[in-house]
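Quick notes on the structure that follows.
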Amino acid sequence: MTTLDTVVMTEQNDIERYCRNCVSRDFVNGRGLVCKRTGAIPAFQGECESYQKDEELEKMAPTPKPEDYSAHVDREQLLAGENLSKAVLLGVLACIVGAVAWALVSISTGYQIGYMAIGVGFLVGIAMRQGKGVRPIFGIIGAALALVSCVMGDFFSIVGWVAKDNDVSFMEVLLNADYGEVMSVVVENIASMTIVFYGIALYEGYKLSFSAQKGPEGGKI
């Protein structure tokens, strides 16, 4: 099909759409839309001088009004209001604060407090929510940061206990620790007592990361 043919076809389609709302329209088998006045397929430039809008057709299929698109407009407004950079920045800060708080509480009490993970997930999720996100990426990042915060909190707690038991500084242990061995203890802790709390933290990190008015775009994951 040549470019000229494409242009003509496009123009004819425009004419047909125009004539479909006219009281003089008619449909003939094998020919398609024709004009009752001329008995021929509509062909004109600009506007038809004989055009008369079919009011009955308008009543049956009214022209959409701006308010009919309110859901679409709301979605566009919500997406325009998203700020992923802000959400990630606040989420990372909450991740660090949550991990430090977990470690301080655990070191001061001498116990590994698994339910601290719940507080960490809540803190990260609320921080991420400040980005007013509605896309799933906000929840995914929130869940990931909640997990990182929990692991860091567990890790710092173990380092703190070792430092306290050996009467050395936290930083000294942190810089000279066998990270592989420390992480093996973290994994044991997760498997033995905190896996449920980690799961709750992940859920909170995901669910709370979205705008307070709207859930993730596209529904549940």
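The values are calculated or read from the model by the stated rules, or taken from the named source; none is laboratory data. All figures in this text were calculated on a predicted structure; none of them were measured in a lab. Don't worry about glycine lacking a Cβ; one is built from the backbone with ideal geometry, like all the others, and counts go over all protein chains shown.
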Leading residue by the ranking (modelled with the highest pLDDT) among those in the range 17-70 that are of a type in the set (Phe, Trp, Tyr), surrounded by 12 or more Cβ atoms within 10 Å (Cβ to Cβ) and over 44 Å from the mean Cα position of the chain (by Cα)
51
Kindly provide the set of residues from the range 79-130 that are in contact with a strand residue (DSSP E or B) (Cβ under 9 Å, 6 or more places away or on another chain) and among the hydrophobic types (A, V, I, L, M, F, W, C), ordered by number.
84, 87, 128
Of all residues making up the range 93-126, the number that are surrounded by 22 or more Cβ atoms within 10 Å (Cβ to Cβ) and without any contact (Cβ under 8 Å) to a residue 40 or more places away in the chain
1
Any residue at all in the range 128-138 that is touching a residue at least 40 places away in the same chain (Cβ under 8 Å), β-branched (Val, Ile, Thr), closer than 20 Å to residue 208 by Cα and not in a helix (DSSP H, G or I)?
yes
Out of curiosity, is residue 113 hydrophobic (A, V, I, L, M, F, W, C), in the same structural domain as residue 195 (by TED's automatic domain parsing), assigned to a loop (DSSP other than H, G, I, E, B) and within 19 Å of residue 199 (Cβ to Cβ)?
yes
Among the residues of the range 170-216, count how many are under 32 Å from the mean Cα position of the chain (by Cα) and either modelled with pLDDT of 70 or more or closer than 16 Å to residue 160 by Cα (or both).
19
Failed condition for residue 138, given (1) surrounded by 20 or more Cβ atoms within 10 Å (Cβ to Cβ); (2) over 30 Å from residue 78 (Cβ atoms); (3) among the aromatic types (Phe, Trp, Tyr), with all others met?
(2)
Out of 90, 79, sole residue that is under 17 Å from residue 137 (Cα atoms), assigned to a helix (DSSP H, G or I), assigned by TED's automatic domain parsing to the domain that holds residue 143 and in contact (Cβ under 8 Å) with a residue 24 or more places away in the chain
90
